[in-house]
1. Hey, can you grab everything whose amide H is under 5 Å from the amide H of B:LEU85? Only 5+ residues off in sequence or another chain; H modelled, so Pro and N-termini drop out.
2. What is the sum of charges around B:VAL129, taking Lys and Arg as +1, Asp and Glu as -1, for the other residues whose C-beta is under 14 Å from the C-beta of B:VAL129?
3. Against the longest principal axis of chain B, how steep is helix B:68-77, in degrees 0 to 90 to the nearest 10, with axes from Cα atoms?
4. Could you list A:LEU106, A:LEU60, B:LEU56 so that the one with the fewest beta carbons within 10 Å of its beta carbon is first and the one with the most is last?
5. How many partner chain Cβ atoms sit within 10 Å of a residue's Cβ in peptide B:33-39, on average, as a whole number?
6. Search the structure for amide H atoms under 5 Å from the amide H of B:ILE148, placed 1.01 Å from N in the peptide plane, and list their residues when 5 or more places away or on another chain.
7. Compute the signed sum of charges (Lys and Arg +1, Asp and Glu -1) over the other residues within less than 13 Å, Cβ to Cβ, of A:THR66.
8. Could you work out, residue by residue across B:93-104, how many beta carbons of other chains sit within 10 Å of that residue's beta carbon, and then give the average as an integer?
Amino acid sequence: MSATVQEVVHAFLRTYYERMKTNPSKLSNMYASTAELTHVNYQQLPSDDSALDFFLNDTLPTVKLTGKDNINKFFTRNNKRVNDLKVKLNTVDFQTTGASHKSILLVTTGELFWTDTPVYRFCQTFILVPLLRNNDIYDISNDIIRFIPDYLQEIEI
Amino acid sequence: MSATVQEVVHAFLRTYYERMKTNPSKLSNMYASTAELTHVNYQQLPSDDSALDFFLNDTLPTVKLTGKDNINKFFTRNNKRVNDLKVKLNTVDFQTTGASHKSILLVTTGELFWTDTPVYRFCQTFILVPLLRNNDIYDISNDIIRFIPDYLQEIEI
Amino acid sequence: MKKDFPVFINTDADEFVKARAKRHELRLKMLSSKEKLIV
Amino acid sequence: MKKDFPVFINTDADEFVKARAKRHELRLKMLSSKEKLIV
């Protein structure tokens, strides 16, 4: 019996976030060859975590990448940070999508942080596409993270 | 010359949110016949807007619907509320998706409110699929809204 | 659609500020009703 | 994966609470540095 969509979603999320911890260089294997990824722009973060600007702003810049090769280079290059990622998932919503509704759109919300950093609130959207040769295995075709500021950030003097 | 993805995204967002105001009963025409919609569960909101509970919680319940007919009934039934929706869009991210990357995944964040209510912070994800007969026209195949609580909501006594 | 965010739809900055002030008041009210903050 | 949220991944509630406390302190610091709140 095939897994339900909900079971696929929960298993995917566990695998995705845990692979960051255990083997970030293999994370790109979860992406389709033409996948698009919008993720934390680690290059724009200060190398010194104690930099005040890094903490004061409660959102992080993102960068957009296309293709499994570029995604692999990205996760390998930022291995240290990716490896240290810690996540509290608060919600997940999902729908089926694609021509035959065999793909899955899912949206998570939560907070993430790294050792010694404050939390960052985020919303992350994925599209999972089943492999042609095995409908029980899914590739990530799209992955967009967006950080959500607290409303206090928008208060002006 | 075809519009760029960014032009399609911006034109779509303007049309989508403005149609709520001008003609919510025609909003469902923007959805594909098998579209899935996760939207505000208006039936769970109190009919009396002054109810304190309605305001105190800074998130709203959602409901999931499938198919253009159900979506049409939903918007028609909740016509009064949908018609009064006011939105401040803060961000939009987008990627191409689907087998030939002709579909568009887009994620907005912002705050919405109605006359006499406080604001609600949200994240909304859409997938737009081009019509077979005219690739310049898109249907919504998926639409998920998720409300994001302020961190103060999670503080416990 | 102009590309500079934020974009106001069916509203304007003035009306939005009033709605956000309502949320702010509720947050302050909720904060003051908490005996201890666990964050 | 358990289906009850929140779910902690590569962390636990104790570590999360400390990280959120850091954010809370920054928010309070920012609030106190504002002369007037326009919300």
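Coordinate-derived values only; no laboratory data. Values in this document were obtained by computation on a predicted structure and should not be read as measured data. All Cβ positions, glycine included, derive from the backbone under ideal geometry; neighbour counts span all protein chains shown.
1. none
2. Around B:VAL129, the charge tally is -1.
3. 40 degrees
4. Going from least to most buried by this count: B:LEU56, A:LEU60, A:LEU106.
5. Per-residue shielding by partner chains comes out at 3.
6. Residues meeting the amide H criterion: B:ARG121, B:PHE122, B:CYS123.
7. Working: positive: A:LYS64, A:LYS68, A:LYS73; negative: A:GLU36, A:ASP69, A:ASP143.
Taking every Cβ under 13 Å from that of A:THR66, the sum is 0.
8. Working: counts 8, 5, 12, 5, 12, 8, 6, 1, 5, 0, 6, 0.
Whole-number average of other-chain Cβ neighbours for B:93-104 is 6.
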